[in-house]
Number of protein chains: 2
Amino acid sequence: VTQARDAPAGAVDPLQRLTKLLARLPGIGDKSAMRLALAILRTDAPYALALAEAIGSIHASVRECSVCCDLSADPVCPRCQDPRRDDTTVCVVAQPQDRIAFDRAAAYRGRYHVLHGVLDPLAGIGPNALRIEALLRRLEPREGGPSPVREVIVATSPNVEGDATALYLARLLLPLGLSVTRIASGVAVGGELEYADTTTLTRALHDRRPL
Amino acid sequence: VTQARDAPAGAVDPLQRLTKLLARLPGIGDKSAMRLALAILRTDAPYALALAEAIGSIHASVRECSVCCDLSADPVCPRCQDPRRDDTTVCVVAQPQDRIAFDRAAAYRGRYHVLHGVLDPLAGIGPNALRIEALLRRLEPREGGPSPVREVIVATSPNVEGDATALYLARLLLPLGLSVTRIASGVAVGGELEYADTTTLTRALHDRRPL
């Protein structure tokens, strides 16, 4: 009723419209959306225009890299193009954010592959929804000889779906004669043992290694 | 270093650019910004275009109502135009959100005035930064006779700045022969006494009323 009173027939309040659009983003409730809309209004107009341009052009300017399926402005992403990266190793991650996290740690110099999800039968996400075919294509022999890939590191999160995805990939890739490994999980570096959950502690104990 | 490696000279990654712009919004950190940028990319393109349009046009389509200073798509907002609202009462709020909160409660049928802030000397916000002059203009005699306003309800939040603003307005408006009131504060309806903070309890006790 309030809304009908505020907005006469035909007119839609621009602030309400922006708020409703923002509220469709994940993690943004109605009140946050209103706060963001007002913040955009309170900033300088050039910022709002730059943000609008960036949002409006993002679908046209970002695609999946034809090799690793990571998001990229180019048909082949900078990491797949980089000749200094090691071709023998492919690190498989679930999402673009995970690749960024690895890059930030700067501890890895091989190639990446982004699945864009993990296996989750309850949510209806099967192997065909992931970029597994594109991964297999990278492991096939090329014109010049065999694929250079020797090891596939499965770097999905250590939870039910991530572990299931790792297991699925291992079964698929081991017959190809590749080394398939899983990133270690255990007590986080800098973390306190007493605050670690029991599953993590169990895993840390089970995966113990000689010093 | 990573960034320089990822983005060759001249090219700026569109996703990084969008993330940086989103991270300038209040309450949005780097990781939330990245998550929002990827969410926008994952939604349908028409949504992204609608959002871009709404953001890009918000500065041009929303202004302050020339009467109550609330944000509005029209020169005079729907609430100031509404002939059914009571002209004798003006409810003064700090921000547009507060007006929306009152409208949602639907318990008030008078007019509003939006200050766009509260007095906060430590942050350098004095009376001139607020829409107090516009409020005084509403209380001046009109061509046809005196201003219809009889009561000004100060509905700023019950904290140091909100109380100081209320006191400032009272000193300014009482000499005009107006009734100046303050919204009640106390234990929230539906709230538990045992969880109320001491200041709220003290205020609730002090402002007790006969039954």
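Once the label point is set 7 Å along the Cα-to-beta-carbon vector, what list of distances in nm do you get between residue B:201 and its counterparts in the other copies?
Its label point is 3.8 nm from the equivalent points in the other copies.
Could you work out the relative contact order of chain A, using alpha carbon pairs under 8 angstrom and six or more residues apart, expressed as a whole percent?
Numbers: 228 pairs, mean separation 25.8, N = 211.
Answer for chain A is 12 percent.
Which residues does a label at residue B:82 reach in segment A:12-42, if reach means a backbone N under 11 Å from a point 7 Å past the Cα toward the Cβ?
Zone members listed by number: none at all.
Treating the point 7 Å from Cα along Cα-beta-carbon as the label, what are the nm separations from residue A:83 to the other copies, to one decimal?
8.0
Just to check I understand the Karplus step: with θ = phi - 60° and J = 6.51 cos²θ - 1.76 cosθ + 1.60, what whole-Hz values come out for segment B:194-199, glycine and proline as x?
Working through the residues one at a time gives 5, 9, 5, 6, 5, 4 Hz.
Viscosity 1.567 mPa s, temperature 4 °C: give me the Stokes-Einstein translational D for chain B in µm²/s, with Rh taken as the Kirkwood radius over C-alpha pairs.
Working: Rh = 20.9 Å.
Estimated diffusion coefficient is 62 µm²/s.
GNM, chain A, Cα, under 10 Å: largest mean-square fluctuation among A:120, A:197, A:74?
A:197
Return the long-range amide H neighbours of residue A:113 (sequence gap of 5 or more, or a different chain), with a cut-off of under 5 Å between placed amide H atoms.
Long-range HN contacts for residue A:113: A:91, A:92, A:93.
Can you give the FRET efficiency to the nearest 0.05 for residue A:147 and residue A:183, using r as the Cβ-Cβ distance and R₀ = 25 Å?
Calculated value: 0.70.
With respect to the axis carrying B onto A, what is the closest chain B residue by Cβ position, and how many angstrom separate it from the axis?
Spelled out, residue of B and its Cβ distance from the axis onto A: B:52, 2.
Could you give the distance between the Cα centres of segment B:47-74 and segment A:121-175, to the whole Å?
Going from one Cα centre to the other spans 47 Å.
Apply the Karplus parameterisation 6.51 cos²θ - 1.76 cosθ + 1.60, with θ equal to phi minus 60°, to every residue of segment A:132-144 and state each ³J(HN,Hα) to the nearest whole Hz, in sequence, with x for glycine and proline.
7, 4, 5, 5, 4, 4, 6, 9, 6, x, 9, 3, x
Let's see if you can work this out: charge +1 on each Lys and Arg Cβ, -1 on each Asp and Glu Cβ, no other charges. What is the dipole magnitude of segment A:150-211 about its Cα centre, in debye to the nearest 20?
Here segment A:150-211 has a charge dipole of around 360 debye.
Could you work out, residue by residue across A:21-32, how many beta carbons of other chains sit within 10 Å of that residue's beta carbon, and then give the average as an integer?
Details: counts 8, 5, 0, 6, 8, 6, 5, 4, 0, 0, 3, 2.
Mean shielding count: 4.
Residues of A:57-66, mean number of Cβ from any other protein chain within 10 Å of their own Cβ, rounded to a whole number? Before the final figure, lay out the partial values.
Values: counts 6, 12, 12, 4, 6, 7, 1, 0, 0, 0.
Per residue, the average neighbour count from other chains is 5.
What's the percent breakdown of Cα-Cα distances in segment B:141-211 across 5 Å bins, shortest bin first?
3, 13, 18, 19, 16, 12, 7, 5, 3, 2, 0
Can you tell me the Rg and the Dmax, both Å, for the Cα atoms in the protein assembly as shown?
29.3, 95
Report, by chain and number, residues whose modeled amide H sits under 5 Å from the one on residue A:180, excluding near sequence neighbours (fewer than 5 apart, same chain).
A:152
Only Cα pairs within less than 10 Å get springs; with that Gaussian network setup on chain B, which residue of B:89, B:19, B:181 has the largest fluctuation?
Of the options given, B:19 has the highest mean-square fluctuation.
Taking a probe of 1.4 Å and counting only protein heavy atoms, give the total accessible area buried between chains B and A in Å², rounded to the nearest 100. Before the final figure, lay out the partial values.
Numbers: alone 14420 and 14400 Å², together 24070 Å².
So the buried area, both faces added, is about 4700 Å².
On full extension of the chain, what length is gained from residue B:74 through residue B:39, given 0.36 nm per residue of separation minus the C-alpha to C-alpha distance? Before the final figure, lay out each step's value.
Values: separation 35, 0.36 × 35 = 12.60 nm, distance 3.27 nm.
Gain on extension, residue B:74 to residue B:39, equals 9.3 nm.
What longest range of chain B stays clear of loop-exposed GluC sites (Glu not before Pro) (DSSP non-H/G/I/E/B, at most 13 other C-beta within 10 angstrom)? Walk me through the intermediate numbers first.
Details: sites that count: B:143, B:192.
Segment B:1-142 is the longest.
Check residue B:196: other-chain or 5+ apart residues with amide H under 5 Å from its amide H, H built from backbone geometry?
Here the answer is none, since no amide H 5 or more places off falls under 5 Å of that of residue B:196.
Please identify, among B:154, B:118, B:189, the residue showing maximal mean-square fluctuation in a Gaussian network model of chain B using a 10 angstrom Cα cutoff.
B:189
Defining the label point at 7 Å along Cα→Cβ, can you sort the distances from residue A:127 to the same site in each other copy, shortest first, in nm?
7.6
What are the ³J(HN,Hα) values, in whole Hz, obtained from phi via the Karplus relation 6.51 cos²θ - 1.76 cosθ + 1.60 with θ = phi - 60°, for each residue of segment A:40-47 in sequence order, with x given for Gly and Pro?
5, 5, 7, 6, 5, 4, x, 5
The values are calculated or read from the model by the stated rules, or taken from the named source; none is laboratory data. Keep in mind that this is a model prediction, so the values were computed, not measured. Every residue, glycine as well, gets a Cβ built from its backbone with ideal geometry; the counts of neighbours run over all protein chains shown. Accessible surface is based on the protein model in full, side chains and every heavy atom, while ligands, DNA and RNA are left aside. Shrake-Rupley method; radii C 1.70, N 1.55, O 1.52, S 1.80 Å.
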